Amino acid sequence: MPDQEKQDGAQGRPQAQDQGSEAPAAADYQSLYHQSRCLFSGSYTHGIDAKGRLIIPATFREELGASFVVAPTPDFQAIAVYPAREWIRQEEKLEALADLDARAIRLINQFSKYSYKDSETDLQGRLLLPQKIRSKYLDGVRDVEISGAKTYIRIVSAEAGEREDELFAQDFPDPLAFIAELQQRGRS
């Protein structure tokens with residue numbers, strides 16, 4: 001049976017336009033992903049071991065780079081793993097808010113409190129999640145969902161991931177109708 005991560009990671013790749021032409025090379029895919037800033041996609045379920053280590057899926061490791069940042073997601077509902085370049089963008093967005101409203105400094109301080117720069121994986125691809133952020137956002141759970149959130153990796157409990165899927169199905173019973181509605185509004 002093929003490795004599940006490799007199988008899942010291959011889904012969603014663009015198909016060649018002409019059936020007679022060859023499929024684009026892997027480097028072309030990487031270029032397209034970087035242009036779109038959609039670096040991370042897919043969803044995986046993994047366990048956290050007794051030491052607080054979590055395997056980062058192989059399909060995500062290259063985009064993360066050797067050193068990255070573990071921090072809250074922008075909505076403070078989950079753990080995010082940001083590549084350095086995306087982390088810098090997040091910091092710049094938050095700093096711009098402080099110019100608009102002094103209360104944003106509290107937001108920046110809370111974000112910084114749970115941010116861990118220079119994080120890295122070991123040789124087996126495991127990330128040691130800092131205990132403080134792990135207890136705040138995962139509250140002792142062992143099974144987690146690791147999913148791509150376009151420009152960062154999002155980590156929630158497996159149970160929370162399932163609830164999010166259920167809520168999505170309730171909120172968007174017909175996603176195509178919703179998209180059509182937005183497109184119509186955009187034309188008006």
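No value in this document is a laboratory result; all are computed from the given coordinates. In this text, all values refer to a predicted model and were calculated from it rather than measured experimentally. A quick note on method: Cβ atoms are made from the backbone with ideal geometry, for glycine too, and the neighbour counts reach across all protein chains shown.
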Two-site label geometry, Glu181 and Lys113: point separation in nm, points 7 Å out along Cα→Cβ: 3.7 nm
Virtual spin-label span in nm between Arg85 and Glu164, 7 Å along Cα→Cβ: 2.4 nm
Anchor Lys136: lysines whose Cα lies under 21 Å away (excluding residues fewer than 8 positions away in-chain): Lys51, Lys113, Lys117
Region 40-172 - Rg over Rh from alpha carbon coordinates, Kirkwood radius: 0.97
Sorted by Cβ neighbour density within 10 Å, fewest at the top, the residues Leu128, Leu167: Leu167, Leu128
Computed magnitude of the charge dipole of region 40-172 (debye, nearest 20; Cβ of K, R +1, Cβ of D, E -1): 500 debye
